[in-house]
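A.B. asks: Here it is, the structure, as structure tokens.
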Amino acid sequence: MFPTSTFSSLHSTNVTPTPSLSYLSTSSLSSSSSTSSSSSSPSSSLSLLQSSCLHRRHLRSFCAFGDTQLRIDPKSKGLKVTCSVGSEPLKVMISGAPASGKGTQCELIVQKFGLVHISTGDLLRAEVSSGTEIGNKAKEFMNAGRLVPDEIVTAMVMTRLSRQDAKEKGWLLDGYPRSFSQAQSLEELKIRPDVYIVLDVPDEILVNRCIGRRLDPVTGKIYHLKNFPPETEEIKSRLVIRRDDTEEKVKSRLEIYKKNAEAISSTYSNIVKKINGNRPKEEIFKEIESLLLQVQKDRVKMMKPGNIIPEIKNKKNQDNWRGIPTKLNNIPHSREIRKYFYTDVLEATQRAINDGRTRLKVEINIPELNPEMDVYRIGTLMELVRVLALSFADDGKHVKVCVQGSMGEGALIGMPLQLAGTRQILEFMDWGDYGAMGNFIKIGSVGSKEVDEQDDIFVIVAPQNAVGNCIIDDLKAMTDAAGNRPVILINPRLKDLPGSSGVMQTMGRDKRLEYAASFENCYFFRLLYYAGTQYPIMGALRMSFPYRYELYKRVDEPSGKEKYVILSTFPERPDTDEVNDAFLGKPRNKTKEASGIW
Ligand code: AP5
């Protein structure tokens, strides 16, 4: 702390028991001092960054402390994991309402884990007390209990995070992000914590905590007149009160916090950990401590290639997983929903590649990406592909994005309808202004000739058979040429289609199916409907590498909102019977009746 005395979807449809559910269209197979921001004295360099730091051009330097541990030696074929697992420091975010105890817990976390504490409140107060330009701008907002404009705070945080100590010791981000747009700024720079801790304290307690709070300007320690009184009279005499610790301002801060909390949590839904903050501080810390120790342990195991061990696989990540976005029947999907899925797919894919997997497929069938629906949007598929490719390119990899060309000969020449014009769209798309396209990203087709020496990763857009033509031979030739370099199929459709003579292609069918099955899912998401229908949404099935398949049921709430409730998890993709049994609450592996609706 740096105290100062100067301031002081979906439509609501009832979910009824269902006779039978089906997957719709089963078409294809990481300061100088360990304490804190206080070590970051107000910095004149801040203004250099300001809003420009968020420009895409600057992403690269920041990406150095992003999540991805992979580095590729472009000359070698395949990926070289050069990260050193043991030395990768923890990255932690702590959030909670005003006076929920973030600062108090941060002191303890820093003592135990030696992370660099970056508190935007402290950084801002330091700027204010030093009378810097930033401080003068921030003062009026802070004194009013309002949020300081994003461009000021974000630039401050980025500057602090980019310092060597934060990279080496790990960081503990306190009070940032505080809005959806701040969270998105971090996401764009691929700055992600290992865990997002939220301290949960009832409102009435928060107000009392603020009013009784006192700060020691000498040690930075936080006291409370009743809860944690100062140890000596000398300390007591020098304590100061924060300007924004009046009842009225606390209420305004609380209101702002609540308005933003949901949107921020949704950004970190798979790593959020809510902790009851209304307990003795030692007890709270004990829980945080064991959580962080577990995160460290999991990560070490997770980073060992080929060692996604059972503890992680079986970890009930639904504890942290806040669920599936709602309103998925509202088309077009909102930007937030699309981003949500893009991030979900990206993280799963990165984890799989980090684990040394090379033959991957992503299957995602939200309505806009489901070719069986009349709302299918090629633009959404292209956006997803762009997110993946740019992310890999940001890590210095050469990515080839491939779309199959037209196949066949003479009257049978053709291209699957879905892919018509796709390559052109890709070529005309905005690939950012730092020269990724052409340097790190290239567009190609499917086939062995498409595999160049410098390519590191191949992303193949919706490869599929067309009537009379089979893509698998070209695909196989390409993967053979790619060797152990990752090939990622996005929404492949490799099922058999009738040949030119109207009969199913059976020549070499077993071999083709075997080849298609050699790609493992790194991500799977499918909505569930009544058999033969596309409405209402009954539930969803999701798998994000390396975790289990998660089966969710969509439930209407009395408020008119909806939510997804987890029913069961599976080590492998469940079949229709297993899905139906889980919806009916039947025990697993029950012997099937000879008759009945199943
Ligand atoms: P900031 O300093 O971050 O304020 P805050 O989030 O409101 O949080 P506090 O510092 O008030 O509380 P805390 O959770 O740290 O609780 P503490 O441990 O001190 O931000 C201040 C302002 O800066 C914002 O209003 C905004 O204007 C601006 N700002 C900051 N970040 C920004 C951003 N990202 N974007 C825009 N603007 C931003 O504990 C509180 C009291 O409770 C203490 O007295 C303590 O002793 C006591 N206590 C703690 N734990 C317990 C316990 N377990 N039991 C009993 N008492 C306890």
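The values are calculated or read from the model by the stated rules, or taken from the named source; none is laboratory data. Treat the numbers as computed from the prediction; the structure is a model and nothing was measured. Backbone-built Cβ (ideal geometry, glycine too); neighbour counts: all protein chains shown. Areas reflect the complete protein model, heavy atoms only, side chains present, ligands, DNA and RNA absent. Shrake-Rupley method; radii C 1.70, N 1.55, O 1.52, S 1.80 Å.
A.B. asks: Would you calculate the separation in nanometres between label points at residue 481 and residue 298, each defined as 7 Å from the Cα along the Cα-to-beta-carbon direction?
C.D. replies: Inter-label distance under the simple model: 4.1 nm.
A.B. asks: Take each of the peptides 265-272, 482-489, average the number of other beta-carbon atoms within 10 Å over its residues, and list them starting from the highest.
C.D. replies: Values: 265-272: 18.9, 482-489: 20.8.
Going by the mean number of other Cβ atoms within 10 Å, highest first, we get 482-489, 265-272.
A.B. asks: Now for a different question. In what order, largest first, do 479, 326 sit by accessible area if the probe radius is 1.4 Å?
C.D. replies: Sorted by accessible area, descending: 326, 479.
A.B. asks: What figure, in Å² to the nearest 10, do you get for the accessible area of residue 284 with a 1.4 Å probe and non-protein molecules left out?
C.D. replies: 10
A.B. asks: Put 474, 374 in order of accessible area, largest first, 1.4 Å probe: what do you get?
C.D. replies: Values: 474 65, 374 150 Å².
Of 474, 374, the descending order of accessible area is 374, 474.
A.B. asks: I'd like the accessible area for residue 237: 1.4 Å probe, protein heavy atoms, all chains in place, Å² to the nearest 10.
C.D. replies: Using a 1.4 Å probe on the heavy atoms, I get roughly 100 Å².
A.B. asks: What whole-number value in Å² describes the accessible area per residue of the range 120-185 for a 1.4 Å probe?
C.D. replies: Values: 2240 Å² over 66 residues.
Dividing the accessible area of the range 120-185 by its residue count gives 34 Å².
A.B. asks: Hey, with R₀ at 25 Å, roughly what FRET efficiency would residue 133 and residue 181 work out to, going by the Cβ-Cβ distance, to 0.05?
C.D. replies: Values: r = 22 Å, r/R0 = 0.89.
Efficiency for this residue pair is about 0.65.
A.B. asks: Sticking with this structure for a sec: Just how much of residue 178 is accessible, in Å², when a 1.4 Å probe is used and the result is rounded to the nearest 10?
C.D. replies: Accessible area, nearest 10 Å²: 90 Å².
A.B. asks: What are the trypsin sites (Lys or Arg not before Pro) within the range 223-287 that DSSP puts in a loop, where the Cβ has at most 13 other Cβ atoms within 10 Å?
C.D. replies: Numbers: sites: 226, 236, 238, 242, 243, 249, 251, 253, 258, 259, 273, 274, 281, 286; in loops: 226, 242, 243.
Taking the range 223-287 and a limit of 13 other Cβ atoms within 10 Å, the loop trypsin sites (Lys or Arg not before Pro) found are 226.
A.B. asks: Using a 1.4 angstrom probe on the protein heavy atoms only, could you order 554, 509, 209 from most to least accessible area?
C.D. replies: Details: 554 0, 509 95, 209 50 Å².
Result, largest first: 509, 209, 554.
A.B. asks: Which residues among the range 100-136 fall inside the zone where the amide N is under 17 Å from a point 7 Å beyond the Cα of residue 219, along Cα→Cβ?
C.D. replies: 103-112
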